[in-house]
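Here the structure is laid out as structure tokens; the discussion comes afterwards.
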Amino acid sequence: MMNDEGMTNDEARRATLRHSVFVIIPSFVIRYSSFLLLLFPVALHAADNISVLGRKPLWSVLEHYQETITHDEFVHRINDVYCTHGFAPDLIEINEKTARILANREAQKFFTLRFAENDSRRTAVPRLWRPAKSLPPPKAGKPLSGMKIGLDPGHLGGKWAKMEERWFQVGNSLPIQEGDLTLRVARLLAPRLRELGAKVFFVRDSNEPITTKRSDDFRELAKKILIKNGVPQPRADVLDPNDPEKEHTIRWQSEILFYRYSEIRRRAALVNFKLHPDLVLCLHFNAEGWGDPNNPTLTDTNHLHLLVNGSYLEEELEFDDERFEMIRRLLSRAYDEELPLADTIASAMARQTGLPPYEYPTTNSTTKVGTSGYVYARNLLATRLYRCPVVYCEPYVMNSNDAFARIQAGDYEGVRNVNGVERKSIFREYADSMVNGLIDYYSNARGL
């Protein structure tokens, strides 16, 4: 059964600009996440210290991972991947033979993980997804045969695009709606992956939400959040898209709860309890600050980067459910598969697109990982909750002069002259470069 699980606030961190969609420059006021959600979860769930509508962690699940990891590997993953920004000393205590992990501070409950004595004494890691080395022998010419791949086109698009603030328009041109763009890429990508032998699932295959909830379902919760965070009489509605007080309104908060947190939680339930893929590809487009969506700023800046899970913030680790999810992900060894895969895809995309790597303006929320120069670890809701390797792609700046012209040109076969250069359709270039990366990785990993 799939259950709506509510949301966490991992993408709502003050000055870190952490969010679920794309990177923004500090001056881009439209995309700031709901900072008012930051303090509220503690007040709601003081005993369990879980995020709003989050589920109480089932720490007993981790018993299945006893003696599956050595002391040295656990220390390496904690220090170099998941807790690169540090953590409170009482959260994780690492000893020679065990790690004691705080389950609940108020009750002083702990989970004790026993380490394997050495690599040869490790027990098998329980998981539903399969790393490349565990896949059955591939069929000739089909390096993805036997694989199950989930395609997760970011956002919703369609009638929801303005609510999501993933919409802008230049004059009378076609509006740019990220959710529509990512779905177009996914629909080009799917048949290519199937030709290579993969079984492909769409996490989203329309412009309608996966969650059955809507923003009106969260109005009372949104009001409570605002009151708890110092807005004693929250206004009901947003005055206009550039309203500087819109984050203090019930409408804005309830919409965030619907289209971001409830939606991503529902997608995670679909991935984890029904689809069981070996890999999820989260498809996004990036953007720089565009200001007024009706009169946006275009830029010459264009870049590429990919994300894998990691780099948790100290305040994120204070939540029992986020800490539990991090430890479960660490023990599943998803990182061992997703990092080299992300590096390989990034290299293929860089070769085909010619885009330079994005450089985050601060290291407060991310840690650069891998060897390609294009991959960062970051704690996003999808990369944490999907219980399999996840590669989260952020190519192209939608409001760059180049990408905007290519998006306006639409999808087409072959090449066309766009801005004086013979170019593939941007959608096919995106899909083709990802296919090339997947072929490179799985051909090498499977000895083809």
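Points to keep in mind about this one:
- Using a Förster distance of 56 Å, the FRET efficiency for N242-L448 (Cβ separation, nearest 0.05): 0.55
- Using the average count of surrounding beta-carbon atoms within 10 Å as a protection proxy, the listed peptides 134-142, 360-368 rank, highest first, as 360-368, 134-142.
- Cα lying deepest toward the dipole's positive end in the chain, options I407, A334, I101, charges on Cβ: A334
- Shape category assigned to the chain from the gyration tensor of Cα positions, a/c cut at 1.5: oblate
- Amide H within-cut-off set for G310, under 5 Å, with H built and near neighbours excluded: R378, N379, L380
- Taken along the Cα-to-beta-carbon direction at a fixed 7 Å, the label points for M163 and K228 span 2.3 nm.
- Over the chain, accessible surface divided per residue gives 40 Å², non-protein components excluded, 1.4 Å probe.
- Legend: calculated FRET efficiency, K133 to E413, from the Cβ-Cβ distance at R0 = 56 Å, rounded to 0.05, equals 0.90.
- Among the GluC sites (Glu not before Pro) within the stretch 366-437, those in coil by DSSP and having at most 11 neighbouring Cβ atoms inside 10 Å are E413.
- Computed magnitude of the charge dipole of the stretch 120-204 (debye, nearest 20; Cβ of K, R +1, Cβ of D, E -1): 700 debye
- The DSSP beta bridges internal to the chain are antiparallel in roughly 50% of cases.
- Residue among V185, V308, V238 with the largest mean-square fluctuation in a Gaussian network model of the chain, springs linking Cα atoms under 10 Å: V238
- Site pair D205 and N401 shows an inter-label distance of 4.1 nm when each label is modelled 7 Å from Cα along Cα→Cβ.
- Taking E337, E245, E359 and ordering them by how much accessible surface each has at a 1.4 Å probe, largest first, produces E359, E245, E337.
- Within the stretch 111-258, the ratio Rg/Rh, alpha carbon atoms throughout and Rh by Kirkwood, equals 1.16.
- Most mobile listed residue (E325, E208, E338) in the chain, GNM with C-alpha springs under 10 Å: E208
- N95-V421 FRET efficiency (beta carbon distance; Förster radius 56 Å; 0.05 resolution): 0.40
- Here the accessible area of the chain is 50 percent carbon and sulfur, with a 1.4 angstrom probe and all protein chains present.
- Under the convention that each Lys and Arg Cβ holds +1 and each Asp and Glu Cβ holds -1, the size of the dipole of the stretch 345-448 around its Cα centre is about 320 debye.
- Peptides 209-215, 108-114 ranked from most to least packed by the mean count of surrounding Cβ atoms within 10 Å: 209-215, 108-114.
- Other residues with beta-carbon under 9 Å from the beta-carbon of L279 carry, at +1 per Lys or Arg and -1 per Asp or Glu, a net charge of -2.
- At least 24 Å along the helix axis (C-alpha) and Kyte average at least -1.0, DSSP helices within the chain: 178-195, 334-353, 426-445
- The local environment of L304, defined by Cβ-Cβ distances under 12 Å, has a net charge of -2 under the rule Lys, Arg +1 and Asp, Glu -1.
- Within the stretch 256-377: Cβ-based charge dipole about Cα centre, in debye rounded to nearest 20 (Lys, Arg +1; Asp, Glu -1): 480 debye
- Summarising the amide proton neighbourhood of M147: residues at separation of 5 or more, or on other chains, whose placed amide H is nearer than 5 Å comprise K199.
- Surface calculation, 1.4 Å probe, protein heavy atoms: E220 sits at approximately 120 Å² accessible.
- In this structure the amide hydrogen of R235, modeled in the peptide plane, comes within under 5 Å of the amide hydrogens of I250, none closer than 5 places in sequence on its chain.
- As a rough guide to protection, the peptides 381-392, 222-233 ranked by mean Cβ packing within 10 Å, highest first, stand as 381-392, 222-233.
- When the Cα gyration tensor is reduced to axis lengths a ≥ b ≥ c, the ratio a/c is 1.5 or higher for the stretch 306-433, and with a/b above b/c it is classed as prolate.
- Summarising the label geometry, the points placed 7 Å from Cα in the beta-carbon direction at E106 and A140 lie 6.5 nm from one another.
- Helical runs (DSSP H, four residues minimum) scored at -39500 (n - 2.57) apiece and divided by the length of the chain put the mean residue ellipticity at 222 nm at -8500 deg cm²/dmol.
The values are calculated or read from the model by the stated rules, or taken from the named source; none is laboratory data. Please read these numbers as outputs of a predicted model, since none were measured by experiment. FYI the Cβ positions are ideal-geometry reconstructions off the backbone, even for glycines, and counts take in every protein chain you see. Side chains included, ligands, DNA and RNA excluded: accessible areas come from the protein's heavy atoms. Shrake-Rupley method; radii C 1.70, N 1.55, O 1.52, S 1.80 Å.
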